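Please treat every number below as a calculation from the coordinates, not as lab data. Source: prediction; values computed, not measured. Methodologically, a virtual Cβ is constructed for each residue, glycine included, from the backbone with ideal geometry; neighbour enumeration extends over all protein chains shown.
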Amino acid sequence: MTSDVRPTTAPSSSHVDTLRTLRKQRRMERMQTPSASQKKVVESTHVYLTTRVDPVMSKVITYMLIEQPKPENIISVLLKYFTELAAGVTLEPNSAAKQNRKTNSADRLYMAKAMSPVFTKLMNLLLALRPSNVPEYLVGACQGFVDNDEFKNLGVVAVAKPPTVPETVAPAVAAEASATPAAQVTADATAITTTTSVEAAPSPEKKKKVAYPKKMVILMLGLDGAGKSTMLAAVQGDPEPKCKPTVGFVPNTLRLENSQVQFYDLGGGDNIRDIWDSYYGDGHAIVYVIDAAADDMKFGNSIKVAKETLGHEYISKKPTLIFCNKSESKAARTVEEVAEELGMSNDATTKIVSSTMHPKMTPTGEVDGRIDEALEWLFDTVAVDFDSIKERVKKDIETQKAKEAKEKAEKDRRVMKKSICKAFGVGGEEKEDVFSEEDGFEFLAQEIGFMKAEELEEEGRVIAGMVGYQKLALMMCGGMFAPISSKKKKYTWKEIKEYVEGIKGEIEGL
């Protein structure tokens, strides 16, 4: 069992030495005053945002927040919006009632989880290239997303810092830009990709340096308020982290010479934890943070969630580092107490350590040396067995994708079945959103890219009748025949007919 006594010296690893040196450099950069040319960049960026970008982005953000399309449809809806805007037409929300309601927590969650990754990418592209015709450029950008299926898994996008903004004045740019609604929305999901380091005097003794892979992915898990984001900010050189609760997913990149470690900082709130398992397969290792000084109820919940999470098939047996945070508190539980509650102990792939995440709460006012040592252990453990871990990650991701595809297919089948029931008023459903035959043909024709109903093939007309000209069912059939993404399977009318026939065979009364 790891000792709960704070080490008086730092670990003797050249990787950790590198981190410490880089952190000192980062602090020096923060102390530098921006030059006149850098101030001009800040000013020009602000002018561009307020005059060219915000008039466009603020309206589309409002439109998307009111309409709230499904995450998988966000790109296609944006493409349609910007295409119309480039032609001089501003789309308005369909529902007047939606426009008059107040913003609620569900809206903010939708903005953070579904909208922010896409708008962050678009904002960074605009800042990097600064096109004069913003709507026209955004049409091309969204079309590129569709062609490359780039946002297939929303929320998993790490956006690089625009090369036109010098790193030393990036905070000033962010401050200026935050005055605009568009910039404020994207700020919550912007990826943190700064160079970092770790303090405390290095030991004169040096051990052999482990060769790290080019990239490692570490999942940062734990309940809200445990100290995950504070730790990441501290090891990146922030002497006084003031972190807000993470909403959704924020990637943080820590660079070590020829290697980079990407932390997936996942929010720990009750609603946000639903997205955790979407990332389990991606991680090479796990950092789980527990508030060891929490009250009995929250501590008990943290232990419960930790057991469920660390026992998941995509996480179990991967290198795992558990921080018992807030050890400076008299109420903090010891490593031994936490380990007993978890039913775990230190072994080849598990390490449980005490920590004080906030630098100002340590005796020296610097980063807790135990964090450095523990992270070094985690990186080393991944590195020495990286080939097998990498292979496992690959298999886990494939398994997860197959499972998600199966679940989606089952869900689509249930939706189609319900839509057909609505078309004919059977299966306990009332008739709803049913077109006339003529309007149904025209709607399906437009869904697959035709201008007029006369262009719709006879097979398509037959299928339209089979689904009773129900709106959602027609949309699904159109999506199967003419998918938006080139990576999605394109079905023939014959295949769609067999699919519909199979579903109708399951419905009593048809």
Which listed pairs, of LYS80/LYS394; LYS113/LYS403; LYS298/LYS394; LYS304/LYS487; LYS395/LYS497; LYS228/LYS411, have C-alpha distances above 32 Å, in listed order: LYS80/LYS394; LYS298/LYS394; LYS304/LYS487; LYS395/LYS497; LYS228/LYS411
Table column - 3J(HN,Hα) (Hz), the range 229-244, Karplus curve with 6.51, -1.76, 1.60, x for Gly and Pro: 5, 4, 4, 5, 5, 5, 6, 8, x, 7, x, 9, x, 10, 9, 8
The range 415-463, relative contact order [Cα under 8 Å, separation at least 6], %: 20
For the range 192-384: rounded, prolate or oblate by the Cα gyration tensor [a/c cutoff 1.5]: rounded
Aspartates and glutamates with Cα under 19 Å of LYS59, excluding same-chain neighbours fewer than 8 positions away: GLU67, GLU84, GLU92, ASP107, GLU136, ASP188
Likely footprinting exposure, MET123, MET475, fewest C-beta neighbours within 10 Å first: MET475, MET123
Residues CYS142, CYS243, CYS477, sorted so that the one with the fewest Cβ neighbours within 10 Å comes first: CYS243, CYS142, CYS477
Residues ARG333, ARG413 arranged by fewest to most Cβ contacts within 10 Å: ARG413, ARG333
Extension gain (nm, one decimal) between GLU458 and SER329, 0.36 nm per residue minus Cα-Cα: 39.0 nm
Sites ASP433 and LEU109 - FRET efficiency at Förster radius 25 Å, r taken between beta-carbons, to 0.05: 0.35
Reach of LYS452 by Cα under 18 Å, taken over lysines that are not fewer than 8 positions away in the same chain: LYS471
Mean Cβ neighbour count within 10 Å, used as a protection proxy, ranking 341-351, 247-257 highest first: 247-257, 341-351
Potential lengthening between SER259 and SER345 on full extension [0.36 nm per residue; Cα-Cα distance subtracted]: 28.0 nm
Karplus-derived HN-Hα couplings along the range 492-504 (A = 6.51, B = -1.76, C = 1.60, θ = phi - 60°), whole Hz, x at Gly and Pro: 7, 4, 4, 5, 5, 4, 5, 4, 5, 4, x, 5, 5
Linear extension gain, ALA211 paired with THR90, 0.36 nm per residue minus alpha-carbon span: 38.1 nm
Three-way shape call for the range 271-387 based on the alpha-carbon gyration tensor, with the a/c threshold at 1.5: oblate
Cut-off under 5 Å, modelled amide H: who pairs with MET344 long-range: none
Residues in the range 271-293 that a label on ASP385 would reach, taking backbone N under 14 Å of a point 7 Å out along Cα→Cβ: 284-286
Theoretical FRET efficiency, 1/(1+(r/R0)^6), r = Cβ-Cβ of THR492 and LEU129, R0 45 Å, to 0.05: 0.65
Förster radius 51 Å - calculated FRET efficiency between GLU501 and THR50, Cβ distance, rounded to 0.05: 0.35
Virtual spin-label span in nm between LYS317 and GLU240, 7 Å along Cα→Cβ: 4.8
Computed magnitude of the charge dipole of the range 259-318 (debye, nearest 20; Cβ of K, R +1, Cβ of D, E -1): 220
Mean Cβ neighbour count within 10 Å, used as a protection proxy, ranking 397-405, 372-380 highest first: 372-380, 397-405
